[in-house]
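Remarks on the structure that follows.
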Amino acid sequence: QVQLVESGGGLVQAGGSLRLSCAVSGRTFSRNAMAWFRQAAGQERVFVASISGSGSTTAYADSVKGRFTISRDNAKNTVYLQMNGLKPEDTAVYYCAADRTISTMAPTARYRYDYWGQGTQVTVSS
């Protein structure tokens with residue numbers, strides 16, 4: 001079974017930083033895109049960042065561009081989200097997702113992702 005487990009969330013002050021990690025087990029996704037989505041209270045789950053299997057292609061939501069960086073270490077079967085300059089509006093549960101399809105792309109659409117973690121809470125205080 002495929003499992004994705006997020007970690008690294010927590011409570012930080014505005015302007016602070018966090019690094020989220022997503023550990024994958026059950027299979028490797030070195031040839032598959034992975035992504036981060038987030039869901040704020042009372043809101044829909046929205047795209048944050050994605051990365052192709054090789055790491056050569058990335059995509060970011062406009063709201064996080066320039067502040068967040070997605071990366072991956074395929075040898076460790078782990079994907080990261082470095083979050084800098086955090087804002088209160090970044091407060092959400094952050095979910096890691098993996099695309100079942102082997103691809104060189106970094107899709108942003110939720111429907112492309114078949115495997116999801118349980119999420120990790122990020123709270124940014126003002």
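The values are calculated or read from the model by the stated rules, or taken from the named source; none is laboratory data. No experiment lies behind these values; they were computed from the predicted model shown. Quick reminder, even Gly has a Cβ in these numbers, built from the backbone with ideal geometry, and neighbours come from all protein chains shown. Heads up: the accessible areas ignore ligands, DNA and RNA and are worked out on the full protein's heavy atoms, side chains in. Shrake-Rupley method; radii C 1.70, N 1.55, O 1.52, S 1.80 Å.
Residues in the stretch 1-28 that are touching a Gly at 6+ places or on another chain (Cβ under 7 Å) and not small (Gly, Ala, Ser): 10 in all.
Take Thr101 and tell me if it is at pLDDT below 95, in a loop (DSSP other than H, G, I, E, B) and among the hydroxyl-bearing types (Ser, Thr, Tyr). Spelling it out, it is not the case that Thr101 is at pLDDT below 95, in a loop (DSSP other than H, G, I, E, B) and among the hydroxyl-bearing types (Ser, Thr, Tyr). Would you say Ala35 is touching a Phe, Trp or Tyr at 6+ places or on another chain (Cβ under 9 Å), of a type in the set (Gly, Ala, Ser) and modelled with pLDDT of 95 or more? It is true that Ala35 is touching a Phe, Trp or Tyr at 6+ places or on another chain (Cβ under 9 Å), of a type in the set (Gly, Ala, Ser) and modelled with pLDDT of 95 or more. All conditions in (1) over 19 Å from Val2 (Cβ atoms); (2) not in a loop (DSSP other than H, G, I, E, B) hold for Lys65, with the sole exception of (2).
As a summary of the residue check, Asp99 satisfies the conditions (1) charged (D, E, K, R); (2) in contact with a Lys or Arg (Cβ under 7 Å, 6 or more places away or on another chain); (3) within 20 Å of Gln43 (Cα to Cα) except for the one numbered (3).
Okay, residues lined up against (1) hydroxyl-bearing (Ser, Thr, Tyr); (2) open to solvent by less than 10 Å² (accessible area, probe 1.4 Å); (3) within 14 Å of Asn77 (Cβ to Cβ); (4) not in a strand (DSSP E or B):
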| site | (1), (2), (3), (4) |
| --- | --- |
| Ser21 | yes, no, yes, no |
| Ser30 | yes, no, yes, yes |
| Ala33 | no, yes, no, no |
| Ala41 | no, no, no, yes |
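If you go through the stretch 79-90 and pick out every residue that is crowded, with 17+ Cβ neighbours inside 10 Å and within 14 Å of the chain's Cα centre (by Cα), you end up with 5.
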